[in-house]
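Encoded as structure tokens, the structure appears first; notes follow it.
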Amino acid sequence: MTYAPSADDLIYLARFKPENFSSPYQTIASLRDGDPVVEDITVANHYADYLRNGGQPLTETPIPADADADADGVIDPEFAVACPDCETTKPCCITAGSITDAADGSRQLLWPVGKDGPRRMLVVADSMEGRHLSGKVRVDWSGREACPQGWPDRPAIGINANDFRRRQRETSGEAAVGLRQTPMAGLAFQGYVPKEVVAALYAFDAIMALQNLRDSRDGASFEPKQCIGTGLDMGTPLKVIPVPKVALEGSVEVFLHVTLALTGIFADAGISGSMTGRYGTTAITVKETAKRSGGNPSATGGESSKVSPPGEKEENGGVIGLMQDMFGKINRYMEEGADSSDKSTKTPLERARAAARFTSAIEFSQKLEFGVTGLDLVPKSGSPDLLLKLGGAHTTLGIGVTGRLDILDMVATCVLTPASAKLLKETRVKIADGKVVNGTVEAFLELSSNGQVGFAINGTSGITIPADPDVEAELDLASSQTLSGEVKIGGKAEIKLHIEGKVWVLAAKTGVRGTIHTSWTWAARIRDGKRERSHAFEGLKVSGEAYVEAKIVGDSGDDVRNVESEGASFGGKATRDLHADDVFESVQENITRANEQYATRQGMQPAEGGKDGYTLWDPVPAKWVAY
């Protein structure tokens with residue numbers, strides 16, 4: 001009897017008799033993705049390969065009959081002959097099953113599920129399985145051990161976990177349920193803050209984002225695989241979601257003082273207090289320490305030891321995300337506003353030295369108070385939920401920002417004529433080379449700051465984290481937590497452009513919020529029980545006229561002043577042993593100075609030019625996102 005196999009026949013054989021194919025994976029891929037025009041030739045070629053590798057010639061399809069191939073709700077006659085006791089309204093082979101938390105046998109999901117039975121379970125992930133932080137479950141089922149119809153992979157429990165699909169044919173087994181471990185949020189920040197503090201903050205913020213944890217797409221699904229059962233209680237897929245183990249206890253103050261400049265970053269970090277805990281498999285031990293990172297940039301010395309700043313595009317939440325966003329945005333605007341003249345004729349080191357001569361450094365300080373009492377995430381016995389124990393917690397973040405953000409390149413590009421812009425840039429190159437010039441070339445934002453963001457949550461004997469995404473009552477923590485505050489970095493523009501008797505009269509316009517002349521603002525709140533943060537930027541405009549010829553008269557009555565750039569002013573203490581008290585003092589001084597300067601400048605009235613403003617930077621409206 002002659003039989004011409006189909007593509008489905010050969011895919012079936014490649015799955016269950018791979019030894020009869022030179023490359024079973026290639027066979028399956030070719031027949032699934034083959035062009036219909038050449039499918040007959042492709043099928044014939046793979047069938048020939050099957051015969052050459054010892055496969056028996058086919059006289060009929062090797063695929064066992066389906067229970068209801070025509071989907072009319074009635075068991076097909078061919079299937080009924082092989083399985084006379086199977087019914088469409090009852091599962092055929094697997095009659096019962098369970099998914100059990102390996103750490104607590106009282107926590108289970110069961111088949112048949114029933115009308116109100118749980119379909120999801122949360123487990124604590126505290127061990128590594130390959131690249132996944134995982135918890136473990138036991139998978140058990142009972143019923144027939146073999147399919148009467150002849151399906152080699154039925155009955156079984158289909159498991160999709162840790163990026164891998166498999167079928168458990170054994171009636172009892174174990175499965176790891178994990179989430180892929182990517183670099184910890186805030187990893188870039190470890191160049192500034194000791195990694196133990198980053199880990200503690202990350203752990204705390206992760207556990208506070210309870211809604212995100214249980215809505216995670218990570219996890220594993222479990223589904224009985226048999227001929228009859230789809231759509232029945234016995235065929236319902238069950239899901240297990242891993243949640244990282246978190247435990248924290250202690251109180252710390254973190255002081256961070258960073259000098260940002262195009263030529264390098266200089267950072268000091270100090271910690272007082274102590275904290276212990278765990279995140280996943282990582283033990284957390286925070287103790288009093290001091291740390292120095294990066295290099296002290298120099299306009300005349302060799303290459304500095306540059307540390308890359310945290311990127312604002314890293315999508316991190318919580319305190320770490322807020323701290324990184326502040327650094328990242330100010331660093332980006334600093335780079336955009338920097339001079340870029342004469343790159344074709346100078347080496348990178350020469351350009352770095354040149355930039356340092358007329359770009360003042362930005363002193364960026366952050367003070368973080370962080371305390372946690374009795375935080376511990378544990379399984380809830382007899383339930384698919386988890387229990388969060390917490391005696392109380394708080395965070396308070398304050399900042400101090402002082403220094404100059406250079407905007408000459410933006411002014412030259414957006415406001416002046418090409419000839420004037422070229423003259424300004426060439427003049428700054430001369431200044432960088434140590435030459436005396438007749439004039440003043442300055443355009444920068446003088447920075448200051450104000451405000452703080454605070455979060456607190458009251459103690460509780462236990463907060464239930466429901467596995468069921470439709471259960472909201474116990475997850476609403478709005479009544480026990482507060483999150484509020486606003487941090488603002490203000491910028492007062494100073495623009496002085498005089499060269500060889502040419503005078504450009506330019507003035508920055510008042511910021512849209514009335515600040516002088518612009519500001520970056522970060523705010524935080526709790527809305528509908530969820531933690532949120534926002535960022536807004538006022539943008540920057542200048543107004544004024546093109547240059548006019550004028551005589552610049554000095555204090556002595558001379559016709560011309562000889563002016564040199566004063567160069568950058570970089571912070572940092574003398575190179576000696578660094579102690580935590582050193583950093584505390586620097587940070588507190590900078591925060592106090594920044595707040596005083598901010599308060600003083602808010603009372604100033606800016607000069608307005610006679611023309612419509614030129615936009616240097618567009619405003620960015622506030623947008624609320626998850627904190």
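Structural remarks
- Rounded to the nearest whole Hz, the Karplus-based 3J(HN,Hα) values (6.51 cos²θ - 1.76 cosθ + 1.60, θ = phi - 60°) of the stretch 111-121 follow the sequence 10, x, 6, x, 4, 10, x, x, 10, 9, 9, with x at glycine and proline.
- Cross-link table Lys115/Lys239; Lys115/Lys245; Lys367/Lys488; Lys329/Lys422; Lys367/Lys389, entries beyond 23 Å C-alpha to C-alpha: Lys115/Lys245; Lys329/Lys422; Lys367/Lys389
- Lys530 accessible area, 1.4 Å probe, all protein chains in place, Å² to nearest 10: 120 Å²
- Put simply, the amide H of Val620, placed in the peptide plane, has neighbours under 5 Å in Phe537, Glu538, Gly539, leaving out anything fewer than 5 places away on its chain.
- Heavy-atom accessible area order for Arg167, Arg131, Arg428, Arg601, largest first, 1.4 Å probe: Arg131, Arg167, Arg601, Arg428
- Remark: accessible surface ordering of Lys367, Lys623, Lys17 (largest first) is Lys623, Lys17, Lys367, probe radius 1.4 Å.
- The stretch 1-159 shape via C-alpha gyration tensor axes, a/c threshold 1.5: oblate
- For the stretch 42-138, GluC sites (Glu not before Pro) are listed when DSSP marks them as loop and at most 13 other Cβ atoms sit within 10 Å of their Cβ; the list is Glu60, Glu87.
- With K and R counted +1 and D and E -1, the other residues having a Cβ less than 13 Å from that of Glu19 yield a net charge of +2.
- Evaluating 6.51 cos²θ - 1.76 cosθ + 1.60 at θ = phi - 60° for every residue in the stretch 250-260, the Karplus couplings come out as x, 8, 9, 10, 10, 10, 10, 10, 10, 9, 9 Hz, glycine and proline recorded as x.
The values are calculated or read from the model by the stated rules, or taken from the named source; none is laboratory data. The structure displayed is predicted, hence computed values, not measured ones. As a convention, Cβ positions derive from the backbone with ideal geometry for all residues, glycine included, and neighbour counts pool all protein chains shown. We work out accessible area using only protein heavy atoms, side chains counted, and drop any ligands, DNA or RNA first. Shrake-Rupley method; radii C 1.70, N 1.55, O 1.52, S 1.80 Å.
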